[in-house]
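Trainee: Quick one: the structure is below, questions incoming.
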């Protein structure tokens, strides 16, 4: 992902991306967000959803000190991988822990959904795409980006990395 979009995500979601640019021995976020611009909107929507759930838990149960921190965001086998660490007070009473577990399940489900959706969104431009295999690589590309990649030429069509599919 280009620096501008990556910084926009880290500024909009500082708690999720707190490890961004950190020590590579401690977080995969030391290497930044390792995917194309086309998934920016998908990742942004996912992070907004996560932030909303974290805020809700901490509003109704401030003692939970619930946090979701991304430790790696990348492309693998043509789809998004969004790895997170859940943090909370380990001394929570069982009834509160039950709520926190429910929210962790919802967040995990949202991540699974976003990862699945990424297989239908061109990683480069954000338009409708599909996973293509070229030599040893699997990548999600729209037809135009796949042709340009195959021909090893830059895509001349306007691609701003914020395509219309997948995130709205």
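The values are calculated or read from the model by the stated rules, or taken from the named source; none is laboratory data. Quick caveat: nothing in here was measured; it's all calculated off a predicted structure. Heads up, the Cβs are rebuilt from the backbone with ideal geometry, glycines too, and the neighbour counts pull from every protein chain shown.
Rundown of residues vs (1) at pLDDT 95 or above; (2) over 19 Å from residue 84 (Cα atoms); (3) not in a loop (DSSP other than H, G, I, E, B), yes/no style:
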residue: 111; (1), (2), (3): yes, no, yes
residue: 115; (1), (2), (3): yes, no, yes
residue: 119; (1), (2), (3): yes, yes, yes
residue: 139; (1), (2), (3): no, yes, yes
residue: 145; (1), (2), (3): no, yes, yes
residue: 158; (1), (2), (3): no, yes, no
residue: 164; (1), (2), (3): no, yes, no
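Trainee: Related question: Please work out which one of (1) under 23 Å from residue 143 (Cα atoms); (2) assigned to a helix (DSSP H, G or I) is the condition residue 95 fails and give its number.
Mentor: The single condition residue 95 does not satisfy is (1).
Trainee: Could you tell me whether any residue of region 24-39 is exposed (fewer than 12 other Cβ atoms within 10 Å of the Cβ) and either at pLDDT 95 or above or touching a strand residue (DSSP E or B) at 6+ places or on another chain (Cβ under 8 Å) (or both)?
Mentor: no
Trainee: Quick check on region 33-45. Is at least one of its residues closer than 18 Å to residue 1 by Cα, free of Cβ contacts under 8 Å to residues at least 40 places away in the same chain and outside any helix (DSSP H, G or I)?
Mentor: No: zero hits.
Trainee: Could you list all residues from region 17-57 that are closer than 21 Å to residue 109 by Cα and more than 10 Å from the chain's Cα centre (by Cα)?
Mentor: Correct list: 17, 48, 49, 50, 51, 52, 53, 54, 55, 56, 57.
Trainee: Could you grab me the full set of residues in region 62-83 that are in contact (Cβ under 8 Å) with a residue 60 or more places away in the chain and either out of contact with any helix residue (DSSP H, G or I) (no Cβ under 8 Å at 6 or more places or on another chain) or assigned to a strand (DSSP E or B) (or both)?
Mentor: 75, 77, 79
Trainee: Given (1) within 25 Å of residue 5 (Cα to Cα); (2) free of Cβ contacts under 8 Å to residues at least 60 places away in the same chain; (3) surrounded by 15 or more Cβ atoms within 10 Å (Cβ to Cβ), identify the lone condition not met by residue 121.
Mentor: Status for residue 121: all satisfied but (2).
Trainee: Continuing with this model, one more query. Modelled with pLDDT of 95 or more and over 16 Å from residue 85 (Cα atoms): does that describe residue 50? Please lay out each step first, then the result.
Mentor: Details: modelled with pLDDT of 95 or more: yes; over 16 Å from residue 85 (Cα atoms): no.
When the stated conditions are applied, residue 50 does not pass them.
Trainee: For residue 16, state whether it is assigned to a strand (DSSP E or B), touching a residue at least 24 places away in the same chain (Cβ under 8 Å) and either closer than 26 Å to residue 90 by Cβ or out of contact with any strand residue (DSSP E or B) (no Cβ under 6 Å at 6 or more places or on another chain) (or both).
Mentor: When the stated conditions are applied, residue 16 does not pass them.
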